[in-house]
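Chemist: Let me give you the structure first, and then I'll get to my questions.
The values are calculated or read from the model by the stated rules, or taken from the named source; none is laboratory data. Model, not experiment: these values are computed from the prediction. FYI the Cβ positions are ideal-geometry reconstructions off the backbone, even for glycines, and counts take in every protein chain you see. Areas reflect the complete protein model, heavy atoms only, side chains present, ligands, DNA and RNA absent. Shrake-Rupley method; radii C 1.70, N 1.55, O 1.52, S 1.80 Å.
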Number of protein chains: 2
Amino acid sequence: MAALCKALAHPARVKLLNYLADYGTCYFGKLTDILPLAPSTISQHVTVLKDAGLILGSDDNTRTCYCVNVERLEELKELIAAL
Amino acid sequence: MAALCKALAHPARVKLLNYLADYGTCYFGKLTDILPLAPSTISQHVTVLKDAGLILGSDDNTRTCYCVNVERLEELKELIAAL
DNA sequence: TCGGTCATTCGTAATTCGACGAATAAAGAA
DNA sequence: TTCTTTATTCGTCGAATTACGAATGACCGA
């Protein structure tokens with residue numbers, strides 16, 4: 001629970017998750033348009049979300065496609081709702 | 001949203017909120033029994049939860065009585081559920 | 001083959017976090 | 001008054017976070 005919240009403890013990561021939740025999937029390149037941050041920084045945030053299990057990345061030849069891990073997100077929702 | 005999650009981004013603070021949610025209210029001294037941390041450290045965590053608005057503290061003469069801020073907690077639940 | 005794009009990793013600097021002990025303030029008991 | 005209890009604040013330290021640019025590797029097009 002603390003680990004999941006920690007993954008959402010930064011505005012940039014909340015925006016990323018929100019965007020993915022709204023648009024389903026997208027490539028990394030699109031994410032760099034969403035946030036006013038350097039690509040390397042965004043990659044770091046994406047890694048945090050990935051490590052928390054909240055998003056999934058599939059290597060589509062040279063690009064990387066990201067999407068929300070719905071099951072994991074449900075897990076978080078249940079944990080918070082049970083508070 | 002990120003601010004609220006940040007407040008819950010540490011196991012000690014999750015435990016504190018859980019305890020208060022279960023037991024309604026309690027004094028600071030009781031909280032020091034719940035966690036294996038120095039009182040000063042616990043006070044820091046309590047301050048973080050208080051600053052986030054998740055708990056409320058009322059000064060009962062020499063002791064301090066803490067309880068969950070239900071409205072704020074509901075706010076968090078709605079934000080997470082809306083993801 | 002030579003560039004160009006895409007995404008990540010590495011190295012680094014500044015800031016924040018998390019923990020502790022010591023000092024403090026305020027109220028009550030001896 | 002003096003001592004004890006209670007809760008907080010302060011100072012400090014190491015660890016973690018956040019940001020960037022530079023370097024890297026993999027793939028495609030010219």
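Chemist: Using a 1.4 angstrom probe and counting only protein chains, how large is the accessible area of residue B:10 in Å², to 10?
Modeler: For residue B:10, solvent-accessible area is about 70 Å².
Chemist: Separate question: Given the peptides B:13-19, A:51-57, B:75-81, arrange them by the average over their residues of other C-beta atoms within 10 Å, most packed first.
Modeler: Values: B:13-19: 19.9, A:51-57: 18.0, B:75-81: 15.7.
The densest-packed peptide leads the list: B:13-19, A:51-57, B:75-81.
Chemist: Counting only pairs 8 or more places apart or on different chains, how many lysine pairs in chain A have C-alpha atoms closer than 16 Å? Don't skip to the end; give the middle numbers.
Modeler: Working: A:6/A:15; A:6/A:50; A:6/A:77; A:15/A:30; A:15/A:50.
So the count works out to 5.
Chemist: Shortest first and in nm with one decimal, please list how far the residue A:62 label point sits from its counterparts in the other copies (point 7 Å along Cα→Cβ).
Modeler: Sorted ascending, the copy-to-copy spacings read 7.4 nm.
Chemist: Leaving out ligands, DNA and RNA, calculate the buried accessible area for the pair B and A with a 1.4 Å probe, summed over both sides, in Å² to the nearest 100. Present the calculation step by step, with values, prior to reporting the outcome.
Modeler: Working: alone 5220 and 5210 Å², together 8980 Å².
Looking at B and A, the buried total is near 1400 Å².
Chemist: Right, here's the next one. Quickly work out the residue A:21-to-residue A:38 label distance, labels modelled 7 Å from Cα along the C-beta direction, and quote it in nm with one decimal.
Modeler: 3.0
Chemist: Per residue, how much accessible area does chain B show when a 1.4 Å probe rolls over the protein heavy atoms, in square angstrom?
Modeler: Values: 4500 Å² over 83 residues.
Normalised by residue count, the accessible surface of chain B is 54 Å².
Chemist: For label points placed 7 Å from Cα toward Cβ, what is the shortest-first list of nm distances from residue A:36 to its copies?
Modeler: 4.6
Chemist: Among A:80, B:39, A:27, whose Cα projects farthest towards the positive end of the dipole of the protein assembly as shown, with charges put on the beta-carbon of Lys, Arg (+1) and Asp, Glu (-1)?
Modeler: Toward the positive end, the furthest listed residue is B:39.
Chemist: Shifting gears a bit: First compute the accessible area of chain B with a 1.4 Å probe, then give the percent of it belonging to carbon and sulfur atoms. Show your work: numbers first, answer last.
Modeler: Values: 2280 of 4500 Å².
The C+S portion of the solvent-accessible surface of chain B is 51 percent.
Chemist: Can you give me the C-alpha center-to-center distance between region B:19-58 and region A:1-64, rounded to a whole angstrom?
Modeler: Region B:19-58 and region A:1-64 have Cα centres separated by 33 Å.
Chemist: Would you jot down the residues in region B:8-41 that end up with at least 30 Å² less accessible area in the complete protein assembly than in the chain alone, with a 1.4 Å probe?
Modeler: B:8, B:9, B:14
Chemist: Once you charge only the Cβ atoms, +1 for Lys and Arg and -1 for Asp and Glu, what is the size of the charge dipole of the protein assembly as shown about its Cα centre, to the nearest 20 debye? Don't skip to the end; give the middle numbers.
Modeler: On the way: 16 positive and 18 negative charges, 78 e Å.
For this selection, approximately 380 debye.
Chemist: How large are Rg and Dmax for chain B when calculated on the C-alpha trace, in angstrom?
Modeler: Over chain B's Cα set, Rg and Dmax evaluate to 12.5, 42 Å.
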